[in-house]
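Visitor: Please see the structure below; I have some questions.
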Amino acid sequence: MGLFTNFKKSRLEKKFKKNEWVVIQPIPFAQFEQLIVDHVDSGWEIEDDYERLAENTSKWQCELRKGTSILTCIWTANHQGIVYGPERVLTGLSEKLKVSTSKTITTPWF
């Protein structure tokens, strides 16, 4: 990992600790796409200009908002799906996906 990547990772992990965020990674394409659809169907709003997501897309990102909660969803062809945001929101999602949450970034996507 390069110096810039380490710096970015360290800064983001400090935000995780300060804001009580966690990350779920990696998430396979079908589950990642479905979780976005499910969240939008349950009232979450996509904040970024929506671009169609495809499995071979090199990098794709959006923010889902509901009230004061924000989930950042990132897809990279190399690292699969990544979602980070408030622990209270992602704990239930991680159980549904059968993927654990983490307070540290295991595979940097940046």
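Visitor: What's the total number of residues in the stretch 46-72 that are hydrophobic (A, V, I, L, M, F, W, C) and free of Cβ contacts under 8 Å to residues at least 24 places away in the same chain?
Guide: Count: 5.
Visitor: Determine whether the stretch 52-63 contains at least one residue that is in contact with a helix residue (DSSP H, G or I) (Cβ under 8 Å, 6 or more places away or on another chain) and surrounded by 15 or more Cβ atoms within 10 Å (Cβ to Cβ).
Guide: Yes.
Visitor: Name the single residue that is farthest from ILE24 (Cα to Cα) among those in the stretch 73-93 being open to solvent by 10 Å² or more (accessible area, probe 1.4 Å) and in contact (Cβ under 8 Å) with a residue 60 or more places away in the chain.
Guide: ARG88
Visitor: Which of the residues that make up the stretch 1-18 are open to solvent by 70 Å² or more (accessible area, probe 1.4 Å) and more than 12 Å from THR107 (Cα to Cα)?
Guide: LEU3, PHE4, PHE7, LYS8, ARG11, LYS14, LYS15, LYS17, LYS18
The values are calculated or read from the model by the stated rules, or taken from the named source; none is laboratory data. These numbers come from a predicted model, not from an experiment. Note that each Cβ is placed from the backbone with ideal geometry, even for glycine, and that neighbours are counted across all protein chains shown. Heavy atoms of the whole protein, side chains included, go into the accessibility calculation; ligands, DNA and RNA do not. Shrake-Rupley method; radii C 1.70, N 1.55, O 1.52, S 1.80 Å.
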